[in-house]
1. Yes or no: region 20-41 includes at least one residue that is within 17 Å of the chain's Cα centre (by Cα), part of a helix (DSSP H, G or I), of a type in the set (D, E, K, R) and surrounded by fewer than 22 Cβ atoms within 10 Å (Cβ to Cβ).
2. Mind counting the residues in region 149-198 that are assigned to a loop (DSSP other than H, G, I, E, B), among the hydrophobic types (A, V, I, L, M, F, W, C) and either modelled with pLDDT of 95 or more or over 22 Å from Val26 (Cβ atoms) (or both)?
3. Within the group Leu45, Leu49, Leu78, which residue is assigned to a helix (DSSP H, G or I) and free of Cβ contacts under 8 Å to residues at least 40 places away in the same chain?
4. Being among the acidic types (Asp, Glu), within 17 Å of Leu48 (Cβ to Cβ) and touching a residue at least 40 places away in the same chain (Cβ under 8 Å), is that true of even one residue in region 168-185?
5. Filter region 161-175 down to residues that are farther than 25 Å from Leu45 by Cβ and touching an Asp or Glu at 6+ places or on another chain (Cβ under 7 Å), then give me how many there are.
6. Quick check on my filter: what residues within region 81-123 are β-branched (Val, Ile, Thr), over 17 Å from Trp190 (Cα atoms) and in contact (Cβ under 8 Å) with a residue 24 or more places away in the chain?
7. Can you pull out the residues in region 55-79 that are among the small types (Gly, Ala, Ser) and at pLDDT 95 or above?
Amino acid sequence: MSFDLGDELTFLRAYESTTLTKPQVVADNVLTGIFLADTAHRAALASLLLQEAVEAARRLSAVWQALSSRSAPVVDVLRAPLPDVTRWEALAAAVEGVEDPAEVLRVLGIDDSARESAEEMLEFAGLSWFSNAIRTFEAGPAAFTLEPGVPLTVVATGHDRSGARAETRVLLEDDRVIALGDATGDFVTWSRDFLGAYMDARESAGQSR
């Protein structure tokens with residue numbers, strides 16, 4: 001299915017405001033109540049938070065792939081299945097060692113309006129942690145169990161796209177839970193800013209014709 005400029009921007013703005021934003025909305029609501037919940041519910045809420053963080057990371061990976069490659073229409077890339085861990089690791093490798101946010105903007109082909117998000121991405125130290133988390137969810141939703149100990153640990157067990165088993169553990173410590181929520185918000189913000197810069201440029205180019 002082909003899109004003209006108007007249809008493309010309509011889809012992308014809806015994608016940006018709904019699909020990209022959803023993980024942050026869920027994460028914010030989870031963080032509002034998780035520290036008041038009893039132990040059993042807290043584990044379930046932390047599981048949901050991990051799931052949303054992984055989705056936010058994969059959506060960021062999709063936006064990165066769509067904007068940095070341009071070998072296929074951006075709309076087509078974002079409508080495709082979510083990227084696997086190899087795409088995430090390619091993103092992490094692309095920003096590793098980069099110091100100038102202008103280089104990120106150049107790779108993505110967008111202007112300085114998204115500079116703050118590019119700066120934050122370069123300062124973020126936890127991209128590699130999400131590789132295994134993404135792998136755990138590649139084949140579909142993971143199963144969650146609670147591992148005893150101090151603190152308790154949520155264990156997500158799933159499979160990658162090859163069918164190999166993968167596990168991700170999240171300690172039920174306040175700082176770990178908050179960090180997971182913060183990462184979700186960061187990924188969503190960067191995705192929206194990068195895609196927003198692309199959309200604004202496309203819209204301006206269309207209006208100038």
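The values are calculated or read from the model by the stated rules, or taken from the named source; none is laboratory data. All values reported here derive from a predicted model rather than from experimental measurement. Cβ coordinates were reconstructed from backbone atoms using ideal geometry, including for glycine residues, and neighbour counts include every protein chain displayed.
1. Yes: region 20-41 contains one or more residues that are within 17 Å of the chain's Cα centre (by Cα), part of a helix (DSSP H, G or I), of a type in the set (D, E, K, R) and surrounded by fewer than 22 Cβ atoms within 10 Å (Cβ to Cβ).
2. 2
3. Values: Leu49 fails: free of Cβ contacts under 8 Å to residues at least 40 places away in the same chain; Leu78 fails: free of Cβ contacts under 8 Å to residues at least 40 places away in the same chain.
Within the list Leu45, Leu49, Leu78, the selection yields Leu45.
4. Taking every residue of region 168-185 in turn, at least one turns out to be among the acidic types (Asp, Glu), within 17 Å of Leu48 (Cβ to Cβ) and touching a residue at least 40 places away in the same chain (Cβ under 8 Å).
5. Within region 161-175, residues that are farther than 25 Å from Leu45 by Cβ and touching an Asp or Glu at 6+ places or on another chain (Cβ under 7 Å) number 1.
6. We begin by selecting, within region 81-123, every residue β-branched (Val, Ile, Thr); these are 85-86, 95, 98, 104, 107, 110.
Now narrow it down to the ones that are over 17 Å from Trp190 (Cα atoms): 85-86.
Correct list: Val85 only.
7. Ala56, Ala57, Ser61, Ala62, Ala66, Ser68, listed by residue number.
Yes or no, residue by residue, for (1) surrounded by 13 or more Cβ atoms within 10 Å (Cβ to Cβ); (2) outside any helix (DSSP H, G or I):
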residue	(1), (2)
Ser17	no, no
Ala93	no, no
Gly97	no, yes
Val107	yes, no
Ala118	yes, no
